[in-house]
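Undergrad: Below are the structure tokens for one structure; questions will follow.
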Amino acid sequence: MTQRTARVWLFWLTMYLVVTVFFYSVSQLPDIRVAHGMVGYLVLIIAASRHGGRALSLTLVVLSYLALDWYFVPPRFTVLSATNLDWIVLLGFLVTGWMISERFATEQAARRIAEERTREVERLSRERLQLEREASTSRVLKEAYRLKNALLGSVAHDLRSPVATLSLLADPASGFEPDVALRRIGEEAMRLGEFIGTMQRFASEGGSALLMSRHHAPNDVIQTALKSWEAALTNRQVRVAAMDEALQVVCDLTLSVQVLGNLLQNAARYSAPTAPVDVFVHAADTTIDMIVADRGPGITGDVEKLFTPMRRYTRSSVESSSEASMGMGLNIARTFARAQRGDVLCRAREGGGSEFIFRLPRELPKVVQ
């Protein structure tokens, strides 16, 4: 056990003693109920789970269970003498505490995996750069690594959003109810795992054939992107227009969420804080467009330069040339879209602003036998 881990254990065991002594002092009050004790100990378990590991959480669950049985379940000041109904209450507390501990342990494990994968991607990126220098004269080799380059480079760029959302959900000051926060943490951890799995497939094989292309409703893709990029869109109004629920696109959900997330973040960055971002869907015969529209100042100059990596550009009246961004997000978005047989396009919005169009096919191309 490291010194830091020992300090964490000492702190939370001390907090457990403080809570237990408090309940001992009030256990004889006529209005005290087992529910009061359960709430108090559950709050302690949730708080400890955010800082300690699974072992600390489960230890507090067991100790809290024993304290509840001792102080609140008749006959008081005895253990393992509860009635059948009291056993149900105690068992419910034990299961709830265990589920809370496991959920936070899963979130912490996902965070550790993300950090390890980020370090691994940085190492792979350095190796890739060396390979590109050696193979700079080979056009075929350069094209083969183009998609892989963009996918690996996107990890450091795009993992910030789910990690920021996880941090927001796990922060008690954020105002989320514990059950809502735990459910959302589970969803974000699962999405993070899917994203890392996609990156692993491309890092190992480098081919778009490994995309997990399936039919998805555009509304599901949009809502998943809004949840996943919640931290980047804080205090920003995003209006989603009604759409036909029967519409389906063929896409890799993980990559499509990243594309929409980059477009949403781009729209929020280059429009006034009070200006809403609009999202709507347009269906054609063979494709479906998911459109992210803003009321920013629009784009001047060559629109295609927006999609050139590491090309400095400016959207007028929003930022000065010294504050212009070295663009990677839009290039990554287009690369991900084209890997799914789609595209990302840009056009002026009627009435002012810009529209970024994420175009995807409605069906997979038929294979000629």
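Undergrad: Pick from 278, 244: which is loosely packed, with under 14 Cβ neighbours inside 10 Å and in contact (Cβ under 8 Å) with a residue 12 or more places away in the chain?
TA: Working: 278 fails: loosely packed, with under 14 Cβ neighbours inside 10 Å.
The conditions single out 244.
Undergrad: A further question on this structure: So, of the residues in the stretch 237-270 that are touching a Ser or Thr at 6+ places or on another chain (Cβ under 9 Å) and not in a helix (DSSP H, G or I), which turns out to be nearest to residue 346 (Cα to Cα)?
TA: 270
Undergrad: Among (1) modelled with pLDDT of 90 or more; (2) within 18 Å of residue 221 (Cα to Cα); (3) among the small types (Gly, Ala, Ser), which single condition is residue 354 missing?
TA: The failed condition is (2).
Let's see how each residue does on (1) over 36 Å from the mean Cα position of the chain (by Cα); (2) modelled with pLDDT of 80 or more; (3) open to solvent by 100 Å² or more (accessible area, probe 1.4 Å):
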site	(1), (2), (3)
1	no, no, yes
4	no, no, yes
12	no, yes, no
16	no, yes, no
22	yes, yes, yes
28	yes, no, yes
32	yes, no, no
38	no, no, no
41	no, no, no
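Undergrad: Filter the stretch 163-195 for residues that are hydrophobic (A, V, I, L, M, F, W, C) and not in a helix (DSSP H, G or I) and give the result.
TA: Residue satisfying the conditions is 176 alone.
One line per residue, one yes/no per condition, for (1) modelled with pLDDT of 60 or more; (2) in a helix (DSSP H, G or I); (3) under 24 Å from residue 183 (Cα atoms):
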position: 102; (1), (2), (3): yes, yes, yes
position: 109; (1), (2), (3): yes, yes, yes
position: 114; (1), (2), (3): yes, yes, yes
position: 132; (1), (2), (3): yes, yes, no
position: 137; (1), (2), (3): no, no, no
position: 140; (1), (2), (3): no, yes, no
position: 147; (1), (2), (3): no, yes, no
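Undergrad: Can you tell me which residue is modelled with the lowest pLDDT among those in the stretch 68-81 that are surrounded by fewer than 20 Cβ atoms within 10 Å (Cβ to Cβ) and either touching a Pro at 6+ places or on another chain (Cβ under 6 Å) or not aromatic (Phe, Trp, Tyr) (or both)? Full working, then the answer.
TA: Quick first cut of the stretch 68-81, residues surrounded by fewer than 20 Cβ atoms within 10 Å (Cβ to Cβ) only: 70-71, 74-81.
Keeping just the survivors that are either touching a Pro at 6+ places or on another chain (Cβ under 6 Å) or not aromatic (Phe, Trp, Tyr) (or both) gives 74-76, 78-81.
On the way: 74: 67, 75: 69, 76: 68, 78: 67, 79: 66, 80: 63, 81: 59.
Once the filter is applied, the top-ranked residue is 81.
Undergrad: Among what's in the stretch 337-368 and is open to solvent by 80 Å² or more (accessible area, probe 1.4 Å) and in a strand (DSSP E or B), pick the residue that is farthest from residue 254 (Cα to Cα).
TA: Top of the filtered list is 348.
The values are calculated or read from the model by the stated rules, or taken from the named source; none is laboratory data. Just so it is clear, the structure is predicted and the values come from calculations on it, not from any experiment. Positions of Cβ are generated from backbone atoms using ideal geometry, with glycine treated the same way; all protein chains shown enter the neighbour counts. Note: accessible area is taken over every heavy atom of the protein model, side chains too, but ligands, DNA and RNA are not part of it. Shrake-Rupley method; radii C 1.70, N 1.55, O 1.52, S 1.80 Å.
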